[in-house]
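> Quick one: the structure is below, and I'll ask about it shortly.
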There are 2 protein chains.
Amino acid sequence: MAGFHQWLDRRAIFDLSLYLVLDPQMCGGLDKMVETVKEAVANGVTFVQLRSEAEIDKGLWYKAAVVLKPILKAHNIPFVINDHVDVALAVDADGVHIGQKDLPATVVRKLLGEEKIIGLSVGSVEELKAVNFTVVDYVGVGPVFATTTKKDARPALGLDGLKAIVKAHACKKVAIGGINASNAESVMSTGVDGIAVVSAICGQEDVADATTLLSTIVTAEQE
Amino acid sequence: MAGFHQWLDRRAIFDLSLYLVLDPQMCGGLDKMVETVKEAVANGVTFVQLRSEAEIDKGLWYKAAVVLKPILKAHNIPFVINDHVDVALAVDADGVHIGQKDLPATVVRKLLGEEKIIGLSVGSVEELKAVNFTVVDYVGVGPVFATTTKKDARPALGLDGLKAIVKAHACKKVAIGGINASNAESVMSTGVDGIAVVSAICGQEDVADATTLLSTIVTAEQE
């Protein structure tokens, strides 16, 4: 049963508190993405998702994932890939984050096996109630606020909308959408397990400072 | 050794002569795509690739692949997916067709296993000479003529450019790019194993007639 407990632990115990959605283009290219992620994980980021809002070739996805994998493994930070299960499999990432319009979660679970993390985006209580939590390990809830970094984002939930979703199910949740240092405290106070940020870290002039500030806020709210 | 010969056969023996690149949007949606493929395989198409030039959600790729798989299996027609290895794995398709900017062929082979077909697009003698034919089973050579159905297509090779590539290596080759009933004979005469068409079948008013005409041409040239 050792193997069973091992994957159960990996999928059950991960820290969503400061979740970085890493966009290579927003970082200013692959080299700057590597600099960004190194400073981010050294200063409090607890979870990393590779995502590209720009349509990029799968070869580029693969290159980005290949360089990120050893950095995040060395820091024991979970590393998931947005949408592309094949890229996750190719680099043996820790999992995949999918949206409502991607491959169905049950299909992704079959492809990834039992040991990997699957996250799913939800934008309403109805979507949350429809989640199959035997295959999905956490949900991303949003957009909380209006966002410019995701082109197909739906209307913002606001803090009240977020609270309603948080109350609806006791699963692991990370909030996403327009979150930054000025609103992180109020987002955390809704009861989510963490905040996911894109532009609040990617493309910031001082990534270390920006990450440290966010980390201080979420850590204070967790206590 | 039965298993060995079985996959060797599947990867070595397939008919590229009339290769349909099936684009759901060009067919007019999923329902019309199903009508198109049924008429196409009933009238001489020998190989089918699912491809979408429009950026569509992976959930839609999956839906399209799920409906195509049993139709093509029933006709014993090889069915490959463009780019998305995860979609191919999800529906147990017969393989994947990749371009120069997609996941590397060696990575795709690891993900798909030894039994599936891998095709790779090449546009020059140099690219053809760089192909690893222990993992790649055929190449798509093009664009032969100017094409409007692939947005990132490179300059047309012309018949002479195609001939030069055909002579460079004795692998299986299908020509692609602007091929239709009016030029199919001259393309086949360069020595390729087949022609790949998109708009010459997808979106045609009479798919059965269009396919029959193309099939007659390639069959005559093969004899």
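The values are calculated or read from the model by the stated rules, or taken from the named source; none is laboratory data. As the structure is a prediction and not an experimental result, all values here were calculated from the model. Heads up, the Cβs are rebuilt from the backbone with ideal geometry, glycines too, and the neighbour counts pull from every protein chain shown.
> Among the listed residues A:Gly44, A:Gly95, identify the single one that is at pLDDT 95 or above and over 15 Å from A:Ile117 (Cα atoms).
After ruling out the rest, the residue left standing is A:Gly44.
> Moving to a separate point now. Out of (1) surrounded by 13 or more Cβ atoms within 10 Å (Cβ to Cβ); (2) among the hydroxyl-bearing types (Ser, Thr, Tyr); (3) over 28 Å from A:Val34 (Cβ atoms); (4) out of contact with any Leu (no Cβ under 7 Å at 6 or more places or on another chain), the odd one out for A:Ser189 is which?
Here A:Ser189 meets the rest and fails (1).
> I'd like the residue in region B:148-167 that is among the hydrophobic types (A, V, I, L, M, F, W, C) and not in a loop (DSSP other than H, G, I, E, B) and, out of all such residues, is farthest from B:Thr106 (Cα to Cα).
Taking the candidates together, the pick is B:Leu159.
> Those residues that are among the small types (Gly, Ala, Ser), within 14 Å of another protein chain (Cβ to nearest Cβ) and in contact (Cβ under 8 Å) with a residue 40 or more places away in the chain, I need them from region B:9-64; list them, please.
The one that is among the small types (Gly, Ala, Ser), within 14 Å of another protein chain (Cβ to nearest Cβ) and in contact (Cβ under 8 Å) with a residue 40 or more places away in the chain: B:Ala64.
> Among the residues of region A:132-143, is there at least one that is among the charged types (D, E, K, R) and either in contact with a Ser or Thr (Cβ under 6 Å, 6 or more places away or on another chain) or buried (at least 16 other Cβ atoms within 10 Å of the Cβ) (or both)?
Yes, region A:132-143 contains at least one residue that is among the charged types (D, E, K, R) and either in contact with a Ser or Thr (Cβ under 6 Å, 6 or more places away or on another chain) or buried (at least 16 other Cβ atoms within 10 Å of the Cβ) (or both).
> How many residues does region A:136-147 hold that are closer than 20 Å to A:Val48 by Cα and either assigned to a loop (DSSP other than H, G, I, E, B) or of a type in the set (Val, Ile, Thr) (or both)?
8
> Can you tell me how many residues within region B:52-73 are under 20 Å from B:Val198 (Cα atoms), acidic (Asp, Glu) and more than 17 Å from the chain's Cα centre (by Cα)?
So the count comes out to 1.
> Answer yes or no as to whether B:Lys73 is free of Cβ contacts under 8 Å to residues at least 12 places away in the same chain and more than 8 Å from every other protein chain (Cβ to nearest Cβ).
Taking the combined requirement at face value, the residue satisfies it.
> Name, by its number, the condition in (1) closer than 19 Å to B:Leu20 by Cα; (2) crowded, with 20+ Cβ neighbours inside 10 Å that does not hold for B:Ile71.
(2)
> Run B:Leu18 past the list (1) touching a His at 6+ places or on another chain (Cβ under 6 Å); (2) closer than 19 Å to B:Leu213 by Cβ and report the number of the one that doesn't hold.
B:Leu18 satisfies all of (1) touching a His at 6+ places or on another chain (Cβ under 6 Å); (2) closer than 19 Å to B:Leu213 by Cβ except (1).
> Can you tell me which residue within region A:78-103, out of those that are touching a strand residue (DSSP E or B) at 6+ places or on another chain (Cβ under 6 Å) and of a type in the set (Val, Ile, Thr), is nearest to the other protein chains (Cβ to nearest Cβ)?
Within region A:78-103, the match that is nearest to the other protein chains (Cβ to nearest Cβ) is A:Val85.
> Shifting gears a bit: Here's a check for you: in region A:104-115, which residue that is within 13 Å of another protein chain (Cβ to nearest Cβ) and in contact (Cβ under 8 Å) with a residue 24 or more places away in the chain is farthest from A:Asp31 (Cα to Cα)?
My answer is A:Thr106.
> Is it the case that B:Gly113 is farther than 17 Å from B:Gly191 by Cα and modelled with pLDDT of 95 or more?
Yes, satisfied.
> Next question, about the same structure. Which of the residues that make up region A:34-93 are among the hydroxyl-bearing types (Ser, Thr, Tyr) and closer than 24 Å to B:Asp152 by Cα?
Scanning region A:34-93 gives A:Ser52, A:Tyr62.
> Cβ-Cβ below 8 Å, separation at least six or inter-chain, first residue in region B:150-179 and over 15 Å from B:Val125 (Cα atoms), second modelled with pLDDT of 95 or more and among the polar types (S, T, N, Q): which pairs?
B:Ile176/B:Ser121
> A:Val80 is checked against (1) farther than 16 Å from A:Gly203 by Cα; (2) out of contact with any Gly (no Cβ under 6 Å at 6 or more places or on another chain) and fails just one. What number does that condition carry?
Unmet condition: (2).
> Turning to a different aspect of this structure: Would you confirm whether or not region B:194-217 contains a residue that is in contact with a Leu (Cβ under 8 Å, 6 or more places away or on another chain), surrounded by fewer than 24 Cβ atoms within 10 Å (Cβ to Cβ) and in a helix (DSSP H, G or I)?
yes
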